[in-house]
Amino acid sequence: MTEIKLIASDLDHTLLDEAGHLPPNFYDTIRAVHDAGMHFVAASGRPLYTLKPMFAPVADVVSLVAENGAVVVRDGEMVYAQFIPKADYVRLTNYTYAKKLGEPILCALDTAYIAKSAEQYRDYLGQFFAKLEVVDDLTQVDAQVAKYSVYFPGGETYDIFEPDYATPFKDDFHVTIGGDYFLDMMHADVDKGHALTELGKLIDVTPDEMVTFGDNLNDTEMLTIAGHSFVMQAGQTELDKVADERIGSNSDYAVQTKINEILEKGGQL
């Protein structure tokens, strides 16, 4: 058995139920993890300003990996960040418009920027971006952009991903899928696995001492590096190549059940 020192979970369709809620009494679970000498990490494609309020009651004992690994917060302080240079996100925005494939979203540190053409989707996007700013021209935005996202209202993300984004930009960016409607592009060095590895260096935790949970392609790297990794029942089949085991549904709070199992075993798995 391995001594577990860090537990990291994706949020949407993994830790959160389909209504976007944490499992019942999950703040108590996080504190129990801390009291057992382990670290809990929320590792999400969501922005930092969305994660902070969600985990505010346990801010003193939780770490946050936001924007698919572009930003890491520990003890309330940003300890790691990788931003996309303006020239690059302008290039990506122009490419998306030229291809007429989806609506660009500039995911900056303090807010997300969308163009007026995407304002009709604001209510839906608001589920994932607590702050949204509509601008006339995305190419004129000057901000610390952690992630460039493309929203596909028709849900054609998986069809477009490889030929139109992953292949053309694989040498310059980390391109991944954040869900049925979102494609995400970050700095080439950014992914959740790299972020957890960097966090581990700060708190003296090796990847072998980590447990990770995920469901989609943007979780691939953190499932790969961890000593123990689990994919959700409805998670992408490609993740079976990198995860140790499939567990139950997010609606049945399978992540919380597995964490409780680890706690019952005294931090062993």
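Protection proxy ranking for 39-50, 17-28, using the average of other Cβ atoms within 10 Å per residue and placing the highest first: 39-50, 17-28. Residue separation of Glu156 and Ile203 scaled by 0.36 nm, minus their Cα-Cα distance, works out to 12.9 nm of gained length. Here's the list of lysines a cross-link from Lys52 could span, going by alpha-carbon distance under 20 Å and ignoring same-chain residues fewer than 8 apart: Lys131, Lys147, Lys192. With 0.36 nm allotted per residue and the present C-alpha distance subtracted, the Asp28-Asp60 stretch has 10.2 nm of extension available. Where only DSSP H runs of four or more residues are counted, the chain gives -7000 deg cm²/dmol as its mean residue ellipticity at 222 nm, each run worth -39500 (n - 2.57). Once every Cα of the chain carries one equal point scatterer and solvent is ignored, give the base-10 log of I(q)/I(0) from the Debye formula at q = 0.14, 0.16 Å⁻¹, two decimals. Cα-only, vacuum Debye calculation for the chain: -0.92, -1.20.
Here the calculated FRET efficiency for Ser249 and Met1, from their Cβ-Cβ distance with R0 = 22 Å, stands at 0.25, rounded to the nearest 0.05. Taken one residue at a time, the phi angles of region 171-180 give Karplus couplings (6.51, -1.76, 1.60, θ = phi - 60°) of 7, 10, 9, 8, 10, 8, 10, x, x, 4 Hz. Gly and Pro are set to x. The value for region 37-91 of Rg(Cα) / (2.2 N^0.38 Å) is 1.24. Ligands, DNA and RNA left out, the accessible area of the chain computed with a 1.4 Å probe is 46% carbon and sulfur.
Close amide-amide hydrogen proximity is noted between Ala108 and Tyr113, Ala146, each under 5 Å apart and 5 or more residues distant or on a separate chain (H modeled in the peptide plane; Pro and chain starts excluded). When the Gaussian network model of the chain links Cα atoms closer than 10 Å, the mean-square fluctuations of Leu217, Leu202, Leu132 top out at Leu202. In region 1-103, the inverse of the mean reciprocal separation of distinct Cα atoms equals 15.5 Å; this is its Kirkwood hydrodynamic radius.
Phi angles of region 222-236 translate, via the Karplus equation with coefficients 6.51, -1.76, 1.60 and θ = phi - 60°, into HN-Hα couplings of 6, 6, 5, 7, 6, x, 9, 9, 9, 10, 6, 3, 9, x, 4 Hz per residue; Gly and Pro are given as x.
Inter-label distance, Asp137 to Asp17: 4.8 nm, where each label sits 7 Å from its Cα along the C-beta direction. The residues of the chain have, on average, 42 Å² of accessible surface per residue, using a 1.4 Å probe with all protein chains present.
I need the shape label for region 175-269. Rule: rounded when a/c is under 1.5, else prolate if a/b > b/c, else oblate, with a, b, c from the alpha carbon gyration tensor. Oblate, since a/c reaches 1.5 and b/c is not below a/b.
The values are calculated or read from the model by the stated rules, or taken from the named source; none is laboratory data. Remember, it's a predicted structure, so these values are computed and weren't measured experimentally. Because the Cβ atoms are built from the backbone with ideal geometry, glycine has one as well, and the counts that use them run over all protein chains shown. What goes into the accessible areas is simple: the full protein's heavy atoms, side chains included, and nothing from ligands, DNA or RNA. Shrake-Rupley method; radii C 1.70, N 1.55, O 1.52, S 1.80 Å.
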